[in-house]
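Worksheet: the structure to be examined is printed underneath.
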Amino acid sequence: MKVIQGKEGEIFDIELSEDLLNKNKELAEENKKILEKHSILAIDVMGSIGSGKTTLIKGLVNLLKDKYQVAVFAGDLTTTIDADRIKEEGAQVIQVNTGMECHLDANLVQKALKEIDLEATDILIIENVGNLICPADFPLGSHKRIVLISLTEGPFTVVKHPFIFINADIGIINKIDLKDAMGVDPEPLKQAMFKIKPNIKVVGTNSRTGEGIKEIINCLGLST
Ligand code: MG
Ligand code: ZN
C-alpha cells in the first residue's frame, strides 16, 4: 500500500496566513491543469467521519469501473483502512495520510498525482479527511465537489456547516433507510442545502445497498 505522509509544517494550516490559502489555491490550479492535460475528471468527496464516504466511493467505483479507469486518493490522518477497502473494488488507490491535519490540501494531492498512472486514469475520486469544516477552505483542483452527510448526524448538520456546501455540486443525504429509527426527516436537510446553494443537486442514498448511487453518477454527467 502506497502511503504519502504529510510532514510537519508541510500541510497548510488555516490559522497560519492568508498567503498559505492563496498558495493552496495556486497549487489547486496547477492540479487542475495536470488533470485536464490528461482528460481526467476529479471529484472531491467531503463528509464527517462515519458518514459513509468510503462505502459510497466503493459503490461508485464498482459501477464505474467497467466503463472508466478509476483512481482513488484516500485521505486520512494515519490509517490505511479506507484505502484497503476501496482497493477491493480493483481501482488504483493511493493512501494520503495527513498526520495531524484534518483536511487534504492541494500540495498533498499534487504529490499523490505523481504516484498514479495519469494516462490510465479517466476518473479520480478523492476522499477527503472526515471533517465538514476546513476542507471548504482548501480547494484541491477537483472539477466536482460532493458533500455527504448522513441522517445519523442529526437534523442540523447542514445549517451548522454552511461553508462546506457553498462550493458543492452534489449534496448527498446518506443512510436514508434510518429515517424512522433516527427520527430525522431528510426533507429539511435538503431544503437547507438549497438555501445555501440553490443549484446544488441533492441525492438520498443508502450506500450500503447501493440505493442512489446511479443517480449520483447521472448528476456527475457520467454513465454506466
Ligand atoms: Mg472513509
Ligand atoms: Zn483541517
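When region 33-42 is limited to residues that are open to solvent by 10 Å² or more (accessible area, probe 1.4 Å) and part of a loop (DSSP other than H, G, I, E, B), the one that is farthest from ligand 2 (Cβ to nearest atom) turns out to be 39.
Checking each residue in region 108-135 for being out of contact with any Pro (no Cβ under 6 Å at 6 or more places or on another chain), crowded, with 21+ Cβ neighbours inside 10 Å and among the polar types (S, T, N, Q) picks out only 121.
The one condition from (1) of a type in the set (S, T, N, Q); (2) part of a loop (DSSP other than H, G, I, E, B); (3) within 16 Å of ligand 1 (Cβ to nearest atom) that residue 152 does not meet is (2). The residues in region 53-85 that are near ligand 1 (Cβ under 9 Å from one of its atoms) and without any contact (Cβ under 8 Å) to a residue 60 or more places away in the chain can be counted, and the count is 6. Looking only at residues in region 61-86 that are under 12 Å from the mean Cα position of the chain (by Cα) and under 15 Å from residue 144 (Cβ atoms), the one that is surrounded by the fewest Cβ atoms within 10 Å (Cβ to Cβ) is 72. In summary, residue 146 fulfils each of the numbered conditions (1) within 10 Å of the chain's Cα centre (by Cα); (2) within 16 Å of ligand 2 (Cβ to nearest atom) with the single exception of condition (2).
For region 155-172, the tally of residues that are over 23 Å from residue 41 (Cβ atoms) and either among the β-branched types (Val, Ile, Thr) or part of a helix (DSSP H, G or I) (or both) stands at 6.
Out of the residues in region 173-204 that are polar (S, T, N, Q) and under 21 Å from residue 43 (Cβ atoms), which is surrounded by the most Cβ atoms within 10 Å (Cβ to Cβ)?
174
Taking the listed residues 135, 139, the one that is more than 16 Å from ligand 1 (Cβ to nearest atom) and not in a strand (DSSP E or B) is 139, with no other qualifying. The number of residues in region 43-99 that are within 16 Å of ligand 2 (Cβ to nearest atom) and part of a helix (DSSP H, G or I) comes to 1. Residues in region 205-224 that are touching a strand residue (DSSP E or B) at 6+ places or on another chain (Cβ under 7 Å) and open to solvent by 30 Å² or more (accessible area, probe 1.4 Å): 215 only.
The values are calculated or read from the model by the stated rules, or taken from the named source; none is laboratory data. Bear in mind that the values here come from a model prediction, so they are computed numbers and not experimental data. Counting neighbours? That spans all protein chains shown, and the Cβs are built from the backbone with ideal geometry, glycine included. For accessibility, only protein heavy atoms count, side chains too; no ligands or nucleic acids. Shrake-Rupley method; radii C 1.70, N 1.55, O 1.52, S 1.80 Å.
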